[in-house]
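Written out below as structure tokens is the structure these notes cover.
The values are calculated or read from the model by the stated rules, or taken from the named source; none is laboratory data. The model shown is predicted, which means the values in this text are computed figures rather than measured ones. Cβ placement follows ideal geometry from the backbone for every residue including glycine, while neighbour counts extend to all protein chains displayed.
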Amino acid sequence: MKKLVLLAALTLMSCQAPVKEENPAPTFGIVIHGGAGTILRKNMTPEMEAAYRATLETAVRTGYEILKAGGTSQEAVEKTIHVMEDSPLFNAGKGAVLTADETIELDASFMNGATLDAGAIAGVQTIKHPITAAIAVMEDSPHVMLSGKGAEAFAQAQGLELVAPKYFFTERRINSLKRVKEKEQQTAWSAEEWQDFKNQKFGTVGCVALDQAGNLAAGTSTGGMTNKKWNRIGDAPIIGAGTYANNASCAISATGWGEYFIRSVVAHDIAALMEYKGLSIQEAARVVIHEKVAKLGGDGGIVGIDRQGNIAMEMNTAGMYRAHIDAEGNLTVKIYKDE
Ligand code: ASP
């Protein structure tokens, strides 16, 4: 009798309730940035703009194809960042900005949201793909962060690709350093000049991804800031500042004026607002960028994704190179804030 009642109830329910899909397609997605700053239409040629958009698309499609085929968010982040590290357009790998000593010092970090494992390298001069070195630190060393010559010796021992420092140099960054050094001599600044000066400094790359298994990952790679001195290290290789991933909340990669991003612990702060206060990724990103970083006087932005595939691309600058592909394959590529 009981069984009959149950059966009747179930039949009734199945008539009334909307039909639920048995196996909804797993969601996944990928978001990238290629740096935030005073990126204005008036300073951009149509050719430059097209080149940026094309490379952003190639990069984001690289990771998307990996995710679509069932690959991990870690692999998607690494391979996507390689595309941007290999492109002279961005301030990471080839085309990185120069230090005051006319050298190149690269920083990168990676975090796996499923395990909370993380790796980072700082101030390296010969590692072709700094993001891969950061992942190697995570996987093949007992440490989280290695720097300078030691990080390079580690990379060599791991069989990672090393290049002569000149590989990273580009005409454009050599000229930027000259301009920044000249400007530094200047004592009075107009607001516009100050914006232009700051514009010389941005261009980090980053990627966050959600794979079909529901795992998040984040990675960031940079040459830091033009004219940096004294082995300065920014937020990009600092877990919690420039990069953070946790399946309990989100994956975040930041770009901007690193000192402010370190002091605001940007990436972890966004994750914490989501985990402890239940904010959405967009709301958490908005609070941290506009109410924390901006109030301190810092500039920059973030990209982020959560486990439902919701994304954030937040900035308080005039622009941020950025792109997104969702699980349905919808592509977004944007440069200016007002797009
Ligand atoms: N955040 C980087 C740094 O301070 C720079 C950037 O994003 O462009 O090293």
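Look through the range 50-93, keep the residues that are basic (Lys, Arg) and either modelled with pLDDT under 95 or over 13 Å from Ile131 (Cα atoms) (or both), and return whichever of them is surrounded by the fewest Cβ atoms within 10 Å (Cβ to Cβ). Filtering first and then ranking leaves Arg53. Residue check: Ile305 meets all listed conditions (1) modelled with pLDDT of 95 or more; (2) part of a loop (DSSP other than H, G, I, E, B) but one, namely (2). Candidates in the range 242-285 are the residues that are part of a loop (DSSP other than H, G, I, E, B) and more than 23 Å from Ala318 (Cβ to Cβ); of these, the one that is farthest from the ligand (Cβ to nearest atom) is Gly278.
Whenever a residue of the range 271-299 is surrounded by fewer than 21 Cβ atoms within 10 Å (Cβ to Cβ), its partners that are of a type in the set (Asp, Glu), lying with C-beta atoms within less than 7 angstrom and at least six residues away or across chains, give the pairs Arg286/Glu314; Lys292/Asp269. Of the residues making up the range 162-191, those that are in a helix (DSSP H, G or I) and touching a Leu at 6+ places or on another chain (Cβ under 8 Å) are Phe168, Arg173, Ile174, Ser176, Leu177.
The numbered conditions (1) touching a Leu at 6+ places or on another chain (Cβ under 6 Å); (2) in a helix (DSSP H, G or I) are all true for Ala153 except (1).
For the range 202-224, the candidate set comprises residues that are part of a loop (DSSP other than H, G, I, E, B) and buried (at least 24 other Cβ atoms within 10 Å of the Cβ); within that set, the residue that is farthest from the ligand (Cβ to nearest atom) is Asp211. Look at Asn246 and say whether it is at pLDDT 95 or above, polar (S, T, N, Q) and surrounded by fewer than 19 Cβ atoms within 10 Å (Cβ to Cβ). For Asn246, the condition - at pLDDT 95 or above, polar (S, T, N, Q) and surrounded by fewer than 19 Cβ atoms within 10 Å (Cβ to Cβ) - is not met.
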